[in-house]
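Worksheet: the structure to be examined is printed underneath.
The values are calculated or read from the model by the stated rules, or taken from the named source; none is laboratory data. Note that this is a predicted model, so its numbers are computed, not measured. FYI the Cβ positions are ideal-geometry reconstructions off the backbone, even for glycines, and counts take in every protein chain you see. Just the protein is used for accessible areas: all its heavy atoms, side chains included, with ligands, DNA and RNA removed. Shrake-Rupley method; radii C 1.70, N 1.55, O 1.52, S 1.80 Å.
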Amino acid sequence: MRDCEYRNTRLTHLGRDAAVSNGFVNVPVCRGSTILADTLEQWTERKEPDNPYASYGRFTNPTLQTLAQAVAELEGGHRAWLFPSGLAACSHALLSVLEQGDHVLLPDSVYGPIRAFAQQVLAGRMGIQVQFYEPSIGAGIAALIRSGTKAVYVESPGSGTFEIQDIPAIARCAHAAGAYVIMDNTWATPLFFRPFEHGVDISVQAATKYLTGHSDALLGVATANERAWPLLRRAAHDFGQTAGPDDAFLALRGLRTLGVRLRQHQASALQLARFLERQPQVLQVLHPALASHPGHALWKRDFLGSTGLFGVVLEPLSTKQLSRFFRSLKLFGIGLSWGGFESLALPLDMPRRDGRPLFGQGQLLRLHAGLEDVQDLQDDLQAALAQAYRVGELCRA
Ligand SMILES: *Cc1c(COP(=O)(O)O)cnc(C)c1O
């Protein structure tokens, strides 16, 4: 991996404005609703059509703006808007481009709550035609695009399944039909996937994950190119979306160390993935940086690195065995979310496609490699596997 892709120099310096921070290294937490004008003339100026958003805390705030501009620059987009959660950023990216009667395509591997939002709100309440597609479809998406297709949503790798999508091919087809491409870029972060160089129009970060990086805040960021920005801003304002300055401060602090943290998450996850691939209790490891991964070639072509989250399919095991596995783990917590400094393990229901379990009969787990010493993590997993599959409990062994 080329070191420059971590962009540590930019991460250290971007968004730091001595005028805003009064000489302190960090931009302060600015709490506030009302912004006072000095004169009637200044107030009138703020209400000018090209500057209507400088008048109120919901539209502008130095802490929020600093973070939004930093993320927009890192993603390589035009402007960004902050949301109170990653899910809110995803749903409002969709709401910003879709209208009643439009058609939208989402991958089968999409983050579960966005699938529910698409079905319950977009299709169920707004009269938008929602269609799910096989994530590996690539240029085949052209066959699903119709005159009313307004957006194609992508997420790579997919949530829980880690399938890699051919985003440039999908974007070419979407743009030929005038549709917007919206991407959930949370896994790779802007350091390891440059969405706007691959045809994305709106890129979303669940900043709750790696950007903040310490499991201490919920936050979302949507970055748009020039074409999509007026729509995204309009939707954010119409729905009154903003974020808390304390959370934005934490995300800015997290950004400073994103490069060094990802370097370790990447190395540790790879070591654990390779270790797990060699274990007899493991059927499959779902990590796009492994040569065994079906999306490996695409990942290598388009991505600049891999992060700490991956999947593993264990040999079938009973609830009792699985319970022993989790009881044995001392360093991996059981819990939602990921991207913090701590390791996590989560059992997932095997996703089904066309009525069949996607990765066979085994038990799917999602692992997040945190910043602990990787040998400790490996030992923890090894002990848990031994506890889960005692002698005679693994048919293949
Ligand atoms: C966690 C997550 C989200 C949602 O983020 P929240 O801040 O928890 O709302 C969206 N997309 C992906 C891929 C995620 O992992």
Quiz item: Looking at residue 201, is it within 29 Å of residue 151 (Cα to Cα), free of Cβ contacts under 8 Å to residues at least 12 places away in the same chain and either of a type in the set (Asp, Glu) or out of contact with any strand residue (DSSP E or B) (no Cβ under 8 Å at 6 or more places or on another chain) (or both)?
Solution: no
Exercise. Kindly provide the set of residues from the stretch 36-57 that are modelled with pLDDT of 90 or more and touching a helix residue (DSSP H, G or I) at 6+ places or on another chain (Cβ under 8 Å), ordered by number.
Key: 37
Quiz item: Does the stretch 143-159 contain any residue that is open to solvent by 30 Å² or more (accessible area, probe 1.4 Å), in contact with a His (Cβ under 8 Å, 6 or more places away or on another chain) and charged (D, E, K, R)?
Solution: yes
Practice problem: Of the conditions (1) in contact with a Cys (Cβ under 8 Å, 6 or more places away or on another chain); (2) open to solvent by 10 Å² or more (accessible area, probe 1.4 Å), residue 101 clears all except one; give me its number. | Solution: (1)
Practice problem: Go through the stretch 322-340 and give me each residue that's assigned to a loop (DSSP other than H, G, I, E, B) and away from the ligand (no atom under 16 Å from the Cβ). | Solution: 329, 330, 331, 332
Quiz item: Hey, residue 312 hits all of (1) aliphatic (A, V, I, L, M); (2) surrounded by 17 or more Cβ atoms within 10 Å (Cβ to Cβ); (3) assigned to a loop (DSSP other than H, G, I, E, B) but one; which does it fall short on?
Solution: (3)
Quiz prompt | Filter result (within 16 Å of the ligand (Cβ to nearest atom) and touching a residue at least 60 places away in the same chain (Cβ under 8 Å)) within the stretch 342-355 | solution = 342, 348, 351
Quiz item: Which residue out of 271, 279, 266, 241 is under 17 Å from the mean Cα position of the chain (by Cα) and of a type in the set (S, T, N, Q)?
Solution: 266
Quiz item: Out of all the residues in the stretch 364-377, is one or more at pLDDT below 95 and in the same structural domain as residue 269 (by TED's automatic domain parsing)?
Solution: no
Practice problem: For the stretch 155-162, state whether one or more residues are touching a helix residue (DSSP H, G or I) at 6+ places or on another chain (Cβ under 7 Å) and hydroxyl-bearing (Ser, Thr, Tyr). | Solution: yes
Self-check item: Residue count, the stretch 43-92 (criterion: open to solvent by less than 20 Å² (accessible area, probe 1.4 Å) and in a loop (DSSP other than H, G, I, E, B))
Solution: 3
Self-check item: strands (runs of 3 or more DSSP E) enclosed by the stretch 179-298 - at least 2 residues per element that are in contact with a helix residue (DSSP H, G or I) (Cβ under 6 Å, 6 or more places away or on another chain), open to solvent by less than 10 Å² (accessible area, probe 1.4 Å) and within 16 Å of the ligand (Cβ to nearest atom)
Solution: 180-184, 202-206, 220-224
Quiz prompt | Positions within the stretch 351-395 being open to solvent by 40 Å² or more (accessible area, probe 1.4 Å) and of a type in the set (A, V, I, L, M, F, W, C), in sequence order | solution = 358, 371, 383, 386, 391, 395
Quiz prompt | Candidate set: the stretch 300-309, residues that are away from the ligand (no atom under 16 Å from the Cβ) and not charged (D, E, K, R); chosen: the one surrounded by the most Cβ atoms within 10 Å (Cβ to Cβ) | solution = 305
